[in-house]
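Working notes, structure below.
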Amino acid sequence: MSDDIRTQAVLSEPPPEPRRDVGRMEARRVTAAPVAEPLPASIPPMRLALRRFRRHRLAFASLLFIATLALLAVLAPLIAPHDPNAVSTSAFRTPPSGDHWLGTDSAGRDVLSRLLYGARVSLTVGIAAALSATALGTVLGLMAGLLGRWVDATIMRLVDTFLSFPSLVVILVLVSVLGPSVGTIIVVIALFEWPAPCRIVRQMSLSIREADYVLAARAIGARRISIALRHMVAPVLPPLTVVATLLSAGAILLEAALSFLGLGVERPQATWGGMLQDAQSLTIVQEVPWMWIPAGAAIAVTVLAINFIGDGLRDAFDPRQNP
């Protein structure tokens, strides 16, 4: 009887409460993960691209350098210490000094002033030729990708024909026939640089035209030009921006090569390539380095900066990069 009473008493007792480690729970609460930031998908694509571009330090610094160089080129008539074409027999190949910061050339002209005015020619040719080639390639690439059939075949054969020619040799011949000038150089370079953006735009157009939204636009009777402007131009802009920067660097090098060969801008207008031509003598290279080092360094640094900008734009528009 007593055993039954003892058993019932044990069964009636409430179960022991589980032990709680208050200190551990507080530590977990303190070290809990912070609230997650909004997903990158909620951020506009252009803002994501700008954020990625700012993280690319070389590209951002290069953009600041090109912007500063462009500003100096525009303000060259105001900040140039001397007339770039003024000949002085008393200042013949003088080394850098307080009056001539970068010295003078074989005709007594101020090297710094000619360097600033030469930046105007190089940047004008580079930007204008790249924009012209990109615009022409974009139009032809959209036509090839959207129209297809014989239009696509004709444009692609035209691209193959232009790519088969040695562009520098043909450009030399055309410039010598048409006459050296800034406009001639821009047109000739653009005529031989458009196949690259054309092929990129055509390849992207072939894939975009089979998308559901493009097929739906065709089904409701949208015109082809409307489809191209609304649905195909925006997706091809990111890669075209990268290609345009590379074309700009190539155009600057081509203009410098033409000026070095005497087929660039007419003399006595200052150009970086023309400054290198004035210093092609071995004696000048060894004894008068201030005649060729500033122009050569300006070409090298400018082209390198433009290439860095292209790398930054490529990473900025790449969706696989971290936001």
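Sorted by average packing, counted as other Cβ atoms within 10 angstrom per residue and highest first, what order do 52-60, 115-123, 238-246 take? It would help to have the intermediate numbers written out before the result.
Details: 52-60: 16.7, 115-123: 22.9, 238-246: 20.7.
Highest mean packing first, the order is 115-123, 238-246, 52-60.
What the Cβ-Cβ distance of residue 79 and residue 207 gives, at R0 = 45 Å and to the nearest 0.05, is a FRET efficiency of 0.35.
Ordering of 290-302, 64-76 by packing is 290-302, 64-76, highest average first (other Cβ atoms within 10 Å, averaged per residue). Put the Cα centre of segment 79-133 next to the Cα centre of segment 208-262 and the gap is 36 Å.
Full extension of the segment from residue 282 to residue 157, taken as 0.36 nm per residue of separation minus the current Cα-Cα distance, would add 40.4 nm.
With the simple spin-label model, which puts each label point 7 Å out from Cα in the Cβ direction, the residue 70 to residue 58 separation comes to 2.2 nm.
Under 1.5 on a/c is rounded, so check that first for segment 47-159, then, if it is not, pick prolate when a/b is larger than b/c and oblate when it is not; a ≥ b ≥ c are the square roots of the alpha carbon gyration tensor eigenvalues. Write out the running numbers ahead of the final one.
Values: a/c = 4.38, a/b = 2.03, b/c = 2.16.
Oblate is the answer for segment 47-159, as a/c is 1.5 or above yet b/c matches or exceeds a/b.
The ratio of the alpha-carbon radius of gyration of segment 200-268 to the globular-protein estimate 2.2 N^0.38 Å is 1.77. Evaluating kT/(6 pi eta Rh) at 20 °C and 1.002 mPa s, with the Kirkwood radius of segment 179-323 over Cα pairs in the Stokes-Einstein relation, gives 117 µm² s⁻¹.
Grab every C-alpha pair in segment 240-323, bin the distances at 5 angstrom width from 0 up to the longest one, and report whole percents. So the P(r) values, bin by bin, are 3, 15, 19, 18, 15, 11, 8, 6, 4, 3, 1.
Quick check: net charge around residue 86, other residues with Cβ under 11 Å of its Cβ, Lys/Arg +1 and Asp/Glu -1?
Every neighbour counted, the sum reads 0.
By the count of other C-beta atoms within 10 Å, a proxy for reagent exposure, 109, 157 are ordered fewest to most as 157, 109. Using equal-weight Cα scatterers in the Debye expression, the normalised intensity of segment 42-111 in log10 at q = 0.14, 0.15, 0.16, 0.19 Å⁻¹ is -0.62, -0.65, -0.69, -0.81. Counted by neighbouring Cβ atoms within 10 Å, the residues 110, 152 run from fewest to most as 152, 110.
Bear in mind that the values in this text are calculations on the coordinates, not laboratory data. Model, not experiment: these values are computed from the prediction. Here the Cβ is made from the backbone with ideal geometry for all residues, glycine too, and neighbour counts use every protein chain on show.
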